[in-house]
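The values are calculated or read from the model by the stated rules, or taken from the named source; none is laboratory data. Note that the structure is a prediction, hence the values are computed from the model and not measured. No Cβ is skipped: glycine too gets one built from the backbone with ideal geometry, and neighbour counts run over all protein chains shown.
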Amino acid sequence: MSGALVQVLRSLLGDDAVLTDPEDLVRYEEGWRYGKGRALLVARPGTTAQVAATLAACHGAGVRVVPQGANTGLVGASTPDAGGGMVVLSLERLNRRLEVDPINRTAKVDGGLLLSALNEALKAHGLMFPIDLGADPSIGGMIATNTGGTRLLKYGDVRHNLLGVEVVQADGTVLDAMNQLRKNNTGLDLKQLFVGTSGVLGVITGAVLQVVPVPVQQATALVGCASGEAALLLLRSLERDLADVFTAFEVISAQALKPVFAHHEGLRNPYGAAEPPAYTALVELASTLPAAALDLPGLLEERLGAFLETEAGEAITDVFMGRAEDLWAIRHHVSESLRQEGKVLAFDISVPRSRMAAFTEAARALLASDYPFVRCCDFGHWGDGGTHLNLVWTEAGAPRPASELVPELQQRIYDLAVKDFDGSYSAEHGVGPHNQRFYEAYTPLSVRSVSGALKRHLDPEGILGTTRLD
C-alpha cells in the first residue's frame, strides 16, 4: 500500500515533494520540545489544490495524516505517532500567497507562510501581525494552536485577529471561508471551529488576518515587587490609568531571574549584587503617536511615581527604566537559563488574574511540603492570566527518577490549577499527545461529546492528527 501511495503522491506533487528516505524524514518526526515518532513518508504540497489532492489520496488509501507547519509547537501535536504508518503533511512549501490590503488593514496568506515573512512584508506598509513570539511558526500552525504571545494584553490572541480561513477537510474537500470583513453577522462563524484544534478537524491552508500599525515609540521598565499581590495591584493601577497604551505586563520570580544573570554575563543585572525581590514586573507601553505628541517614557515614569506614593506602592522595591531590547532580553533568556540549572518540568497554566499570586503561593507550599528538592521558577504573562510554572531540580538530588516524578508532579500541579483555582492546564500551547490525558481528565463530558461529534462529522474515518477530542 505504501509503495502505491508514494507513486500516487509523486504523480500529484512531483518527486521532490514526497520524501521517503529515513534520513530525510528525521527533522519532521521530532517536535520542538515533545513528540517523537516515525513517519511513513512526508508530503510537501505547494498549493491548496495539492493539499486537497494529497488528503483525498490518503483518505482513499485509509492512511492517517498529521499536518505540520513549522513544527514549533510544544505539545507534540505536529509529529507522527510511533507506529510508522502516518503521512506527515508538511506545509513548508505552501507559502506563496501574501496579499496585503493596507487600507482594509488585512493580509491574505498561505497557511505555511512563516510569521517572520509576513511581518517583513507588512513592514513596508507600517503594519505588523501583533502576535509576538520567541519562535517563528507558520500562520496555519498559529491558528491551529490559537497562539497568544507576550502582547496578548493589548492585541488579543490569534482568534481575535483572524477574519477568515481556508481549510481542507480530511477527504480533500476545500472549505472556503476567506472572509475579509470585520462585520459579517450572517450565521455560524465557521472559522472558529478550526482555531485551537491542532489540525484534527481540517488542514488550514489559508487565512485572512487583521493587522495593526507598528508603534513608533515604546517605554519599558522593570519594577521590583515584594510579593505577587503587589504585582497584581501594580497591574490594576497601570491598566486603569494607561489602558490605551498598555501593551505588556510580564512577571518574573526571583527564582527564575537569578539563573539568567548567572548564565548570561552579557546581560546587565539592574539589581547588581543585591538580592532581587520576590517578583520583577516588565512593563511596556507603546503608541503610534510620535514623541512630540506624547512623551511615553515620561508618562510611564510619572504613573509609576504616582503609584509609589500610594499605600500599595510601599511594596514596590525598585523601578528601572530602560531600552526595550535590553529589558526584553532578560525576559527572553529565562527558559534557556533554567535548562542549565538541571531537570526542568515546564507548565503552561492560566488562572483568573485575581488568583495568580495565590495559586503560585499554593504551588510553592505544595512543593515545600512534598518535594523540597524542587525549585519553583515561575515567570510569564500575568497581564493575561498566564504563567510558565517551571519546576527545576537536579537528578542527583532527587529521591526518585524523573520518569516517576514528572507524571506525579504534572497531576498534582494540574489538579491544583484546574480544580482549586478554576484554571487551565494549557493556557496557550494547545492540546496534543503530551497533555491528552489531562484533556480527558478535566474536560466536561458534555463538551467532549460535542467536540467528538464535530470530529466524526468532519473526519469520519479519523485520519487527521494524533489528538482526540472525544
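Okay, here's what the table says:
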| quantity | calculated |
| --- | --- |
| Residue ID - nearest to the chain's Cα centre (by Cα), chosen from residues in the range 305-342 that are over 16 Å from Leu389 (Cβ atoms) and among the β-branched types (Val, Ile, Thr) | Ile330 |
| Set Pro460, Pro433: member being more than 23 Å from the chain's Cα centre (by Cα) and not small (Gly, Ala, Ser) | Pro460 |
| Complete set of residues in the range 343-389 that are of a type in the set (Val, Ile, Thr), within 24 Å of the chain's Cα centre (by Cα), closer than 21 Å to Leu257 by Cβ and not in a strand (DSSP E or B) | Thr360 |
| Residue in the range 100-109 that is under 27 Å from Gln7 (Cα atoms) and either at pLDDT 95 or above or touching a helix residue (DSSP H, G or I) at 6+ places or on another chain (Cβ under 6 Å) (or both) present | no |
| Scan of the range 233-270 for residues that are of a type outside the set (A, V, I, L, M, F, W, C) and touching a Lys or Arg at 6+ places or on another chain (Cβ under 7 Å), ordered by number | Asp241, Thr247, Glu250, Gln255 |
| Positions within the range 169-223 being β-branched (Val, Ile, Thr), touching a Gly at 6+ places or on another chain (Cβ under 6 Å) and within 14 Å of Gly111 (Cβ to Cβ), in sequence order | Ile204, Thr205, Val208 |
| Filter result for Ser424 (over 19 Å from Arg468 (Cα atoms), among the small types (Gly, Ala, Ser) and surrounded by fewer than 21 Cβ atoms within 10 Å (Cβ to Cβ)) | no |
| Helices (runs of 4 or more DSSP H) within the range 402-470 that include 2 or more residues within 25 Å of Arg64 (Cα to Cα) | 436-442, 445-458 |
| Test for Ala293: is it closer than 26 Å to Asp244 by Cβ and without any contact (Cβ under 8 Å) to a residue 12 or more places away in the chain | yes |
| Candidate set: the range 325-363, residues that are in contact with a helix residue (DSSP H, G or I) (Cβ under 8 Å, 6 or more places away or on another chain) and of a type in the set (Ser, Thr, Tyr); chosen: the one farthest from Lys419 (Cα to Cα) | Ser337 |
| Condition check for Ala56: in contact (Cβ under 8 Å) with a residue 24 or more places away in the chain, surrounded by 16 or more Cβ atoms within 10 Å (Cβ to Cβ) and either in contact with a Lys or Arg (Cβ under 8 Å, 6 or more places away or on another chain) or within 25 Å of Gly3 (Cα to Cα) (or both) | yes |
| Odd one out for Gln180, checked against (1) in contact (Cβ under 8 Å) with a residue 12 or more places away in the chain; (2) within 22 Å of His457 (Cα to Cα) | (2) |
| Which listed residue is farther than 21 Å from Val66 by Cβ, touching a residue at least 24 places away in the same chain (Cβ under 8 Å) and not β-branched (Val, Ile, Thr), from Asn119, Asn104 | Asn104 |
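For every residue, the table says whether it meets (1) modelled with pLDDT under 95; (2) crowded, with 19+ Cβ neighbours inside 10 Å; (3) touching a Ser or Thr at 6+ places or on another chain (Cβ under 6 Å); (4) not β-branched (Val, Ile, Thr).
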site	(1), (2), (3), (4)
Val283	no, yes, no, no
Leu299	no, no, no, yes
Leu304	no, yes, no, yes
Glu311	no, no, no, yes
Val334	no, yes, no, no
